[in-house]
1. When a/c reaches 1.5 or more, the comparison of a/b and b/c decides; with that in mind, is segment 14-84 rounded, prolate or oblate per its Cα gyration tensor?
2. Order of 85-96, 64-75, 124-135 by packing, highest average Cβ count within 10 Å first?
3. With n ≥ 4 as the cut-off for DSSP H runs, can you work out [θ] at 222 nm for the chain, using -39500 (n - 2.57) per run divided by the number of residues, rounded to the nearest 500?
4. Long-range amide H contacts for N37: which residues qualify at under 5 Å (H placed 1.01 Å from N, peptide plane, sequence gap of 5 or more or a different chain)?
5. Along the Cα-to-Cβ line of S177, 7 Å from the Cα, sits a label point; which residues in segment 103-124 have backbone N less than 17 Å from it?
6. Per residue, how big is the convex hull around the C-alpha atoms of segment 87-206? Give it to me in cubic angstrom, could you?
Amino acid sequence: MIESSSLGAESVKSSVGAAPIVQEAYRLAAREHAGQNRKATPMPYLDHVLAVAELLSDSGFHDEVVAAALLHDAVEHTGLSTAEIASRFGERIADLVSAMTDREEIEDWEERKAEHRQRVRVSGRDAVAIYAADKLAGIREARVGYAEVDESVEGRLGRSLDLRLRVWDRDLEMVSSLEPALPLASELGEELDLLRQDRATSSSRT
């Protein structure tokens, strides 16, 4: 098995499960995201999808949802197609990955995110859960990046933090309205509050 930069094979199994479909999704994600890094930290991209999958595994979601989480950015950021995912993993996982894929043809970033939320909204609880886990992991990464470079993290993210926070607030509103009992929703709100506290603390020092 291909290993991530920070987790060995056994650690991966213990964090996201040993089910064959999950392990196959991990191997494919490791291959497709090899050499890619995230923006905020920057950490290996594979670590991000593992974090998202682990959040869902810990929340008790089915193996198919965990596998979809491992592949949630594969269509958007690699050469994989939804059809290839459907062929290897079935239509259910392919549909969840499709729901998680941004429409790059929408040029305005904020409009693109609004369209994405709408697709997730109508795609069901599992898609909402993956979306929430993805945003939660992303905000945690942004906090790590903020601790490293302060407001200069905006340069890494490619968008202003004010804009990012506005969009994340809308993400939280959607998740909380659709799945208020989802633990990830409350964690998402807590991380947003902590990021704002980080900024306030930094501002008070200058």
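The numbers here are math on the coordinates, done by the rules we state, and not lab data. Everything quoted here is computed from the prediction, not taken from an experiment. Positions of Cβ are backbone-derived with ideal geometry, glycine not excepted, and every protein chain shown enters the neighbour counts.
1. Details: a/c = 1.92, a/b = 1.27, b/c = 1.52.
It comes out oblate by the Cα gyration axes.
2. Those peptides, ordered most packed to least, come out 64-75, 124-135, 85-96.
3. -22500 deg cm²/dmol
4. Y45
5. 111-124
6. 117 Å³
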